[in-house]
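Below is one structure, written out as structure tokens; the observations come after it.
Please treat every number below as a calculation from the coordinates, not as lab data. What you are looking at is a predicted structure, and each value in this text was computed from that prediction instead of being measured. Neighbour counts are summed over all protein chains in view; Cβ atoms, including those assigned to glycine, are modelled from backbone coordinates with ideal geometry.
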Amino acid sequence: MTRAIRTSKALTGSLLALAAAFGGCAAPNLPLVEAEAFYAGADYYQAYVAAKKALEVAPEDPEVLRVHARAREAYLLWDAQRLVFHSEEEAALARLDLVLAENPDHPIATRWRDKALLKLAERAVDKGNRLLASGKLESAQSAFGDAYRYVPDYEPATDGLERLVAAAADLRASARGHYVDGVRALGDYEYRQTAYHLGIAVEKDPELTAAQDPLAIARRQIAEERFAAAQRMQDAGFYRPALLEYRALSEQFPDLFGLAERIAVTEVEAEVSDLADAGEIAVYRGEFQKARELLDAALAKTGTQQEMVSERLLLVRERELDAEYIAAKDLELQLRLEEAIVAYVALEESAAGFRDVAARVEDLRQRVEAATSAYRTGVQAEERGEIDAAIDAFTDVQLFWPGYRDARDRLDALRKQRLEGGGS
């Protein structure tokens with residue numbers, strides 16, 4: 001039989017008994033009866049809820065006050081125990097303190113308060129041990145102090161503090177050793193070794209103030225060396241790496257070397273370099289208009305890379321002319337001579353003297369004129385029935401311009417006609 005069923009039956013019986021006792025003449029305080037029944041069934045939460053309702057009905061009734069106080073205490077103790085089992089000790093202590101405020105010597109509340117405080121102390125010591133193992137001495141000391149606050153003179157906390165003191169002594173000794181090594185390195189102008197050792201010394205022992213000044217000297221010297229290296233990269237045109245170094249230095253020394261102004265200039269030149277690189281890539285892809293737009297934008301921005309950008313703009317023009325020349329030559333190879341002449345002439349007009357364009361135009365024009373003239377001669381000879389003369393003329397056409405009009409077909413037909421005995 002469950003607690004709810006037992007409580008329900010007990011409550012029903014109590015209510016019936018109460019109703020009989022009153023003989024139906026007076027209304028009983030039913031929440032009070034419910035509180036008694038729930039308490040008897042060890043359902044302290046419901047008992048407490050019912051008792052509060054009973055108190056609202058009869059706030060001055062001594063019996064109601066007694067039942068309410070008993071239900072409240074039982075509920076607080078029950079809930080505190082539940083919270084301790086769920087490792088919610090702080091909340092449990094808040095409930096136990098309410099009980100102890102009414103009865104400072106309450107044995108159950110005292111016992112469970114001690115259990116909750118012990119669990120908190122154990123947890124604080126575990127935290128202190130982890131922090132100590134990771135070298136976080138100040139945090140470890142705070143954790144061990146928390147353990148003492150929960151349980152005065154807690155032996156595991158005392159042991160942890162003793163180990164912490166020993167660790168602190170070892171740390172100071174190690175810091176002193178690194179300090180000595182750092183000072184020696186500074187005397188030999190080995191600034192990176194100086195910064196390394198003194199940095200560790202300060203980290204291990206922040207109170208080692210003697211290490212602060214030489215450490216600052218070493219870090220400043222290293223920063224100057226890095227700044228000089230970044231300047232060399234900038235002067236060599238490596239703007240992105242230089243910019244990264246300037247920015248890193250500005251985080252450490254924001255007010256030194258005029259870094260803000262230098263970063264602003266280098267950012268612009270790095271952008272110009274990126275635009276110029278993108279423009280060059282566009283050139284090799286044959287995207288000449290895009291290349292020109294990118295390089296024009298770069299030229300408008302730059303303060304130090306005009307020569308480089310201008311050279312790439314010249315490259316655009318050279319590659320563009322090369323492409324036009326190749327296109328015209330392709331037309332020539334395809335025996336599209338008149339179109340090739342037009343293309344070569346346009347190229348000569350935009351870039352006079354480019355390669356052998358003028359000579360090619362002259363040669364092609366002569367070939368076209370010769371082929372045209374020979375073709376006309378061949379047609380006239382054929383019309384007069386002079387087969388041999390026509391064959392000679394159309395043969396010349398093939399020499400000057402293979403594929404000109406129907407010269408090949410006419411030549412083949414005439415040769416066949418001659419073989420058949422039709423020649424003159």
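Subtracting the Cα-Cα distance of D153 and L333 from their residue separation scaled by 0.36 nm leaves 54.5 nm. Bridgeable lysines around K115 (alpha carbons under 22 Å apart, same-chain partners fewer than 8 residues away excluded): K127. Of all lysines in the structure, not one has an alpha carbon short of 29 Å from that of K416, not counting any fewer than 8 places away in one chain. Counting only residues at least eight positions apart within a chain, or on another chain, the lysines with an alpha carbon under 23 Å from that of K52 are K9. Think of each Lys and Arg Cβ as +1 and each Asp and Glu Cβ as -1; about the Cα centre, that makes the dipole of the stretch 237-333 roughly 40 debye. For E203 and E88, FRET efficiency with R0 = 41 Å and r from the beta-carbon atoms, rounded to 0.05? About 0.65, to the nearest 0.05. Considering helices alone, the calculated mean residue ellipticity of the chain at 222 nm is -27500 deg cm²/dmol, with DSSP H runs of length four and up weighted by -39500 (n - 2.57) and normalised per residue. Could you state the angle between the C-alpha long axis of helix 259-284 and the longest principal axis of the C-alpha atoms of the chain, as a value from 0 to 90 degrees rounded to the nearest 10? Result, in degrees: 50.
Computed across the stretch 295-396, the Kirkwood hydrodynamic radius from all distinct Cα-Cα pairs reaches 16.7 Å. Set against the labelled values (1) 51.8, 157; (2) 21.2, 64; (3) 37.4, 137, Rg and Dmax of the Cα atoms in Å computed from this structure falls on (1). The charge dipole of the stretch 63-201, taken about its Cα centre with unit charges on the Cβ atoms of Lys, Arg (+1), Asp and Glu (-1) only, comes to about 220 debye. If the elastic network links every pair of Cα atoms under 10 Å, which of D274, D363, D188 fluctuates the most in the Gaussian network model of the chain? Taking springs between Cα atoms under 10 Å, the residue moving most is D363. If you place +1 on the Cβ of every Lys and Arg, -1 on the Cβ of every Asp and Glu, and leave all else neutral, what size is the dipole of the stretch 356-424 about its Cα centre, to the nearest 20 Debye? Charge dipole of the stretch 356-424: 120 debye, to the nearest 20. Reported to the nearest whole Å, the Cα centre-to-centre distance from the stretch 168-182 to the stretch 322-380 is 87. Evaluating 6.51 cos²θ - 1.76 cosθ + 1.60 at θ = phi - 60° for every residue in the stretch 132-140, the Karplus couplings come out as 5, 5, 8, x, 8, 5, 5, 5, 5 Hz, glycine and proline recorded as x. Taking trypsin sites (Lys or Arg not before Pro) in DSSP loop states with no more than 15 other Cβ atoms inside 10 Å as exposed sites, the chain has its longest site-free stretch at 137-284. Applying the criteria of a DSSP loop state and at most 16 other Cβ atoms within 10 Å to the GluC sites (Glu not before Pro) of the stretch 173-247 yields E190, E207. Spacing of the modelled spin labels on A167 and E349, each 7 Å from Cα toward Cβ, amounts to 8.8 nm. The Y196 and R319 beta-carbon pair, evaluated with R₀ = 51 Å, returns a calculated FRET efficiency of approximately 0.45.
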